[in-house]
1. With an 8 Å cut-off on Cα pairs and a minimum separation of 6 or more residues, tell me the relative contact order of region A:50-130 in percent.
2. Accessible surface of residue C:5 in the full protein assembly, 1.4 angstrom probe, to the nearest 10 Å²?
3. Contact order normalised by length for region C:131-284, with contacts defined as Cα pairs under 8 Å and 6 or more residues apart; what percent is it?
4. Which distance in nm do the two modelled labels at residue A:117 and residue C:304 give, with both placed 7 Å along the Cα-to-Cβ direction?
5. How big is the Cα convex hull of region B:37-99 in projection, averaged over all directions, in nm²?
6. With springs connecting C-alpha atoms under 10 Å apart, model chain D as a Gaussian network and identify which of D:330, D:255, D:241 has the largest mean-square fluctuation.
7. How long are the semi-axes of the equivalent ellipsoid of region D:262-327, defined as square roots of 5 times the Cα gyration tensor eigenvalues? Whole Å, largest first.
8. In percent, how large is the relative contact order of chain A, given Cα pairs closer than 8 Å and 6 or more residues apart?
4 protein chains.
Amino acid sequence: MSSSSFGRLFSVTTFGESHGEAVGAVVDGVPPGYAISVEEIQRQLDRRKPGQSAVTTQRKESDLVHVVSGLFDGKSTGTPICLIAYNEDARSQDYEKLRDVFRPGHADATYTAKYGLRDYRGSGRASGRETLGRVAAGSIARQILSGVTIVAGTVEVAGVRAERRDWDVAESNNVRCPDAAAAAEMERVILAAREEQDSVGGVVEVVARGVPAGWGDPTMEKLDSEIARAMLSIPAIKGVEIGDGFALSRLRGSESNDAMGPTGYLTNHQGGILGGISTGQDVVARIAVKPASSIGKAQKSVDASGKPVEVKIEGRHDPCICPRVVPVAEAMMALVLINAWLRQRALRGDAS
Amino acid sequence: MSSSSFGRLFSVTTFGESHGEAVGAVVDGVPPGYAISVEEIQRQLDRRKPGQSAVTTQRKESDLVHVVSGLFDGKSTGTPICLIAYNEDARSQDYEKLRDVFRPGHADATYTAKYGLRDYRGSGRASGRETLGRVAAGSIARQILSGVTIVAGTVEVAGVRAERRDWDVAESNNVRCPDAAAAAEMERVILAAREEQDSVGGVVEVVARGVPAGWGDPTMEKLDSEIARAMLSIPAIKGVEIGDGFALSRLRGSESNDAMGPTGYLTNHQGGILGGISTGQDVVARIAVKPASSIGKAQKSVDASGKPVEVKIEGRHDPCICPRVVPVAEAMMALVLINAWLRQRALRGDAS
Amino acid sequence: MSSSSFGRLFSVTTFGESHGEAVGAVVDGVPPGYAISVEEIQRQLDRRKPGQSAVTTQRKESDLVHVVSGLFDGKSTGTPICLIAYNEDARSQDYEKLRDVFRPGHADATYTAKYGLRDYRGSGRASGRETLGRVAAGSIARQILSGVTIVAGTVEVAGVRAERRDWDVAESNNVRCPDAAAAAEMERVILAAREEQDSVGGVVEVVARGVPAGWGDPTMEKLDSEIARAMLSIPAIKGVEIGDGFALSRLRGSESNDAMGPTGYLTNHQGGILGGISTGQDVVARIAVKPASSIGKAQKSVDASGKPVEVKIEGRHDPCICPRVVPVAEAMMALVLINAWLRQRALRGDAS
Amino acid sequence: MSSSSFGRLFSVTTFGESHGEAVGAVVDGVPPGYAISVEEIQRQLDRRKPGQSAVTTQRKESDLVHVVSGLFDGKSTGTPICLIAYNEDARSQDYEKLRDVFRPGHADATYTAKYGLRDYRGSGRASGRETLGRVAAGSIARQILSGVTIVAGTVEVAGVRAERRDWDVAESNNVRCPDAAAAAEMERVILAAREEQDSVGGVVEVVARGVPAGWGDPTMEKLDSEIARAMLSIPAIKGVEIGDGFALSRLRGSESNDAMGPTGYLTNHQGGILGGISTGQDVVARIAVKPASSIGKAQKSVDASGKPVEVKIEGRHDPCICPRVVPVAEAMMALVLINAWLRQRALRGDAS
């Protein structure tokens, strides 16, 4: 099992560096006989790609996905699906001057410590570009997971919070915020940070609807646990909460316990998961997105020899990555859920 | 690989139900030749056991650990260590009347949905008692992980926050709070909730010191990700944050990026992890603990047939489980770290 | 994942040393709701236990199995089943004199090389006693795998071959040979070897009937591959062949290809597996069992310091382990097949 | 974990169909900082490629390997290495007429049973072409495994046996046989079978020299077990034996136990593995290679509807695949050993 893999039954292994030849993924354990639309995979990749609006990086990449194997006559065959996107706009020369510099907030020093060497072109595997394969794989999962719908959006940016969850409007603004009014304010805040060569963070919420009761395992692989690992495996994510999450810690048991009536649960403080297993309600998670590490502003750092340097990261960077995290978070939720579904199907058959 | 297992190299599989014959764990992948003190394992279990003070359940269990295999002449042999603790004070009859009732906040309905049947004696595997094996396994990990020290404490209860991190005082108060003044207030709040047959939640912080730079993997198995899955696999945990976590999402990049100087990082907003790999600083995580689900107060629910019932959970329950979560969170952190260490040793040998 | 585990979905982890306190296994991933007879588990263990006849060791152990968890009201609950058998007749003192001696054919020197130390009481984990947990787990698998029947028997001992496959008679002779006439000759040969303080080897054949077409994976986890690893994980097994196996290498393609007619395959040279996937025919494997390593005859060896010694292994040993390998091989086949079934059910649901 | 993957620490996942766009592999867990020669990878692929001599298929493919990721400045970076070879000479039209026919000895019927559909262009994943990625990955492993040398050769074809093990001559004849005299006879036998539109099988022997004592795990993942699974995961392999293998079953314990003297073991009947752990001697395995399934001779079969058909497989096929199995068997041995090495390094550090 590779540490670049996610999922035991529906298994995704990503490969490729941001400034190498290509990035991609191998997806295995795909149930056979499902119609898989490459256009739909591309549509999801387009939601992730750079250059979509003023609030994201101005770098342009077409991120065209290429299916190398595993589909035949438009259907999954049950064999590994290899997906590749060749890198186009990789200006490695932008990075030559940074080869010996540890950029603050980046993984330069930690990669060097771990591996004893570092692919200094761009951020290598630490780049957000690694998530391209995840989004492609997640799209395949979503096309198979009939009955389950996953939505996500930016619900907070630099302290500006969405008060509404109008998921229909999330895709119609640059921030992917489910509250149109808040979206405008969030965009303003992001552009102000960009103006100052700085970046801002935020919170993304992911909701999965249509998940039946009974998915997830009760101890070491709770559904909460799998969602948490999936979300914190996304670059720049430093926190996750399920349901009311940290706010739950301020309630009383008599408030936080979701009471049940004849028609089901009366509230959903627990985010659709009890004892690690889905309740049949919406599964709800929120993730903390740190401000993008690459900023133009001067920062103090050191080079590989420990000598102090001032770093200004040139190039075209994201002032706020929340809008581009949204499709990645959806994809990771899809990967968690399809594995939970297949696992439950192994345990109980179709009866479950 | 079992869904009751944690860790690929140092692997822990728990077994047993709260009201069955015993609970325990099998620990495999233990490096050979390490002196393992059973007394120290027991000491950690005693920190987890019920009945320690007024703020925890009054149920009494000695939780005596029994080592069945894998140690010889006081040392690890490299073969599986099986640890068992027999259940003593299991009043199954307390639960007979609840056999068809879905207790609010518990996993009764979700287990039934998942498995089609349920061991209704106590909470079965969903009980906090399942964590006994984790604490025992974590103690073995800690005895081997020389140079790494793990501390944890309750840093918030029902909104009352610790302002200090005097880790030395954490073990000297009932709440395991690293702020003596806050501890007194927390205890008062817990006892008030207990008086009202209710429960409260809180936040536990875990800190690992002495972790060298270079542990953790860069993509799907980031150290953040492994900590997140470990923590959310603990019963009642509904959120986790690494370093400043959700607060990071309100900073600017120029603030959240930990600048470096010749002597190392100048701040630790990222919780000692960059790009999924340890920086050499303290590794810091905080987890959201929901209020204990078992409360004496009357709650609305249904039985297995969907008929409305009023539930009052009798017996001796924890008004706040934070103090008992503390050793479990430490143990899970130890299990994450020993796996990261062994993995790095596989990759680089002792040089790393 | 532990190196003491077998099976990804129906996962068995064994623990315990031959002369420690107990041996056993934790079985996880067990589909819930199946009636599991502990008597039937015991019946299988009795087939494996020492002291059954003159052709096996005269050591007596009752090998009573004890179910610690995972069953409730006689049914599997879907949670881990822990099975333990306490060691009774462990004469560790027999081994004290061998503590520094490397017994020929045993794993004494290799354990020492691997771990840097060795539990010298008996053979520790290298003992055939480790297979007790496998047989118990295999019995659970067999009780669940309705429609699949697994038989095995000794088909060769010291060059004496069974010419028939009367599986009904296999359990009625001491050698577990499916050819009554050959069985008598095999027994004679074994007793002659015992008389000379020596041991003999043989071949065991395992047949699984009722396996539907479509189980097994096509590349790295071919059904042949999983059977091979399962069989060679049994102590003393040094070869495996599927179907005609090595004899296939002497046929022509026009002979070895199993032709098909309207009612199915006309022959079964391939042992019921093509391209790693079951054909719907009997699945057939044969394994090479080396002569038992423990013999009373004087042998040349060295001690831990490299000094030459003469070794005579006292105690009560098996002159031929084939009859006791039979239930273990059946159990391992069951573990392979239940995993293949669950995997196929994950992939295709009950339709498969 | 994918069923198309081999190895837990040094993990290889293959992808691609014989008549799709490309085949390849993703290799993860590669220790960083090793110089990896792409020329050497290509050299190994050239040993596996079709069209090398009269005894193999006349199909021509250049099998050019393309490294997509994971190398930088000629060295492994520790991140996934993706290797691709595009398919060139894929005459899918040869197969159109076979789309509804189940070819004898092939996996056509079993794939259909497993997946409910089949990529009928060539043999899809069941093609020997899938092994290209394995050989590439194995070459990387061999370049890292300093001190270990792996050789293999054809030691039997259609009953003609090599009497010598002159490994130096194995690469200088078309059959890759370590006995020059036997090689000539083997070649004659193969060409005779080809003349009759038939095929023959054989036996390949693999030897690993320089493996230190202590590699391998003692129970479920014995080194024998890992070699067995690796070998039987190669297409057309139906048996494996370690050391003397099946011949061991005809020896007495006093003969088969490898005695030890002050300078080490005096014989190597056990193939360099005792109790699942390497002894420090040569590790020796032999595998049974069935006759190639694709033959021009008329064979009885059925189509997907069960109607009888006569099948003559046109195209350019291998009359004996032994010479092309040789580099694959070496590669799989390398993958087993590098995983055993990394696992031992995790357990003991460099000290082991």
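1. With pairs under 8 Å counted, the relative contact order is 19 percent.
2. 10
3. Relative CO of region C:131-284 lands at 22 percent.
4. The modelled label-to-label distance comes out at 4.2 nm.
5. 5.9
6. Evaluated over chain D, the most mobile residue of the options is D:255.
7. Semi-axis lengths for region D:262-327 are 45, 14, 8 Å.
8. The normalised contact order for chain A reaches 21 percent.
The values are calculated or read from the model by the stated rules, or taken from the named source; none is laboratory data. No experiment lies behind these values; they were computed from the predicted model shown. Neighbour counts run over all protein chains shown; Cβ positions are idealised from the backbone, glycine included. Protein only, heavy atoms only, side chains kept; ligands, DNA and RNA dropped before computing areas. Shrake-Rupley method; radii C 1.70, N 1.55, O 1.52, S 1.80 Å.
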